[in-house]
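Just below is one structure, and these are the notes that go with it.
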């Protein structure tokens, strides 16, 4: 058995050291010890009084260095431990331990969440084995609501809400609004978004992108519902069918009510983007086209569709408004791809972020934010949109903060989490204010008696 | 020995050390018979006179090792890790039993003991959805057989051995 090198500098980061061995009766024993590094691959071990050195000589001996930093409020942080499996011998009255293997964990090097993620397969195997032994099936129990939220990635539905709201708000500004149609549109699009999230999870798990990702965050790395065993493939497929069915049902109803060809075309295009976003053979997201698909889907398809079902006409204004909306929603995906990028690359999911250099990724982010705000200003100044949409510029300082945060924490997955959340707040907030700008414009014009367009 | 105490008094202090320790070293044997050690959060129940650990299924290897051989040892060591007034270094030798017939709720009976050590644990538990498998946990129950106590943590003096009847 080959020995391994000891790094004394590394050991200085630990507070306590102990030794473990199996006594002659076969019982494991752990005792406090003192150690010194005698040579690059040897420890000098001093046992405490009461432990006979003859008990340990010639046996396997584990030396474990341990540290935590207790917190004043209770609990602790900075957990780390390092264990060396050693052969131990007596030499000139001293005990000399030669390590041949080491194991351990340092929270500073592998964050806790990642440490947990690395062992998911062990957990699944263990639960499966216990299930077979006990004639039962073990799955993490989160409760029906939490499981549903996790499987569907429900909070991300805000993106759909903003897109529908944007299209309907433009219609509202032009004097068209049917509450029932609006509600049906919202439910139909939300169901489509849920189906999209689940299809995405199914294929990203099957194609390996989510499986390889050992540093997921609340915003990236997928729902992991299949990976954690929260749902079976069969049940996930059923849920996809149910939510797709809801969308198709509502789509068919709206098509009959408002225009068969127009609505059917938009629904067909929407489903093409939803399914082939990750599904083979097209796999848009794996070819650097996922971002465009999201911008197109959440921009023109939903915004124009939501406008059309209210007005039964196509017009330039919703098309123009759909561009900043699509860009904003696309930016959610784009920034969330940053922490995923090493794992996406390993799974040949060649997203834009995977394809571009870090500097280019950030330049594009800046450019897309600037384009979004620039378009909003241009629409207001050229009389395309009411001046109230300029309220969306209120988020510019926040955008600058989020941008800086993303830039500084690039390649630091867990430090980036607040900025991933910030980017979602920014894009959803800006989209919401843009829609709000349209919603308040008409009542304000009536109230003030002047048009709010230049 | 001048520092030798009545065993009952010492045993009370040992129990306090176990109750107030933030971390301990659990040692068991693997399938090759080698000693394997891991730092763990000890949960000592003074009424039942049992030491408990909860172990996530994410770190289930130890559960299988302990089920194979229930003889374990637990070391309480490190003055800064023990909030008790009196500090002793303690090696507990005992028998472990793994409860892994259910993983979602049974371990939660130990939450009051856990909360004493990590008051913020409820906040994490509320966000169970973030780490579903981490909160699927087995319980390791240890019945102490013997304590070896280095009084005041002084390793240069012979330890006191307390056998549990």
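The values are calculated or read from the model by the stated rules, or taken from the named source; none is laboratory data. This one's a predicted model, so the numbers in the text were calculated from it and none came from an experiment. All Cβ positions, even for glycine, are placed from backbone atoms using ideal geometry, and neighbour counts span all protein chains on display.
Figures for the structure shown
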| read-out | value |
| --- | --- |
| Residue A:238 vs. criteria outside any helix (DSSP H, G or I) and without any contact (Cβ under 8 Å) to a residue 40 or more places away in the chain | no |
| Residue check for residue A:317: within 22 Å of residue A:194 (Cβ to Cβ), in a helix (DSSP H, G or I), in contact with a helix residue (DSSP H, G or I) (Cβ under 7 Å, 6 or more places away or on another chain) and modelled with pLDDT of 95 or more | no |
| Residue satisfying condition, being touching a helix residue (DSSP H, G or I) at 6+ places or on another chain (Cβ under 6 Å), assigned to a helix (DSSP H, G or I) and either modelled with pLDDT of 95 or more or surrounded by 14 or more Cβ atoms within 10 Å (Cβ to Cβ) (or both), within set A:430, A:360, A:371 | A:430 |
| Qualifying residue in the stretch A:393-401 (condition: under 17 Å from the mean Cα position of the chain (by Cα), in the same structural domain as residue A:182 (by TED's automatic domain parsing) and over 17 Å from residue A:323 (Cβ atoms)) | no |
| Residue in the stretch A:24-37 that is outside any strand (DSSP E or B) and touching a residue at least 24 places away in the same chain (Cβ under 8 Å) present | yes |
| Unique residue being closer than 30 Å to residue A:279 by Cβ and assigned by TED's automatic domain parsing to the domain that holds residue A:157 when the list is A:384, A:376, A:338 | A:338 |
| Output for the stretch A:72-112, where each listed residue is at the interface with chain B (Cβ under 9 Å from one of its Cβ atoms) and over 20 Å from residue B:62 (Cα atoms) | A:73, A:74, A:75, A:76 |
| Flag if residue A:173 is within 12 Å of chain B (Cβ to nearest Cβ) and surrounded by 22 or more Cβ atoms within 10 Å (Cβ to Cβ) | no |
| Number of positions in the stretch A:113-156 that are within 30 Å of residue A:189 (Cβ to Cβ) and more than 9 Å from every other protein chain (Cβ to nearest Cβ) | 9 |
| Residues that are crowded, with 24+ Cβ neighbours inside 10 Å and part of a strand (DSSP E or B), drawn from the stretch A:53-71 | A:61, A:62, A:63, A:64, A:66 |
| Residue check for residue B:158: over 14 Å from the mean Cα position of the chain (by Cα), modelled with pLDDT of 95 or more and within 7 Å of chain A (Cβ to nearest Cβ) | yes |
| Matching entry among A:265, A:244 (being out of contact with any helix residue (DSSP H, G or I) (no Cβ under 9 Å at 6 or more places or on another chain) and assigned to a helix (DSSP H, G or I)) | A:265 |
| Residues of the stretch B:15-52 that turn out to be part of a helix (DSSP H, G or I) and either over 14 Å from the mean Cα position of the chain (by Cα) or within 9 Å of chain A (Cβ to nearest Cβ) (or both), as a count | 0 |
| Single residue of the stretch B:74-115 satisfying the filter (closer than 22 Å to residue A:78 by Cα and at pLDDT 95 or above) that is farthest from the other protein chains (Cβ to nearest Cβ) | B:113 |
| Restricting the stretch B:119-129 to residues that are touching a helix residue (DSSP H, G or I) at 6+ places or on another chain (Cβ under 9 Å) and surrounded by fewer than 17 Cβ atoms within 10 Å (Cβ to Cβ), the residue that is nearest to the other protein chains (Cβ to nearest Cβ) | B:121 |
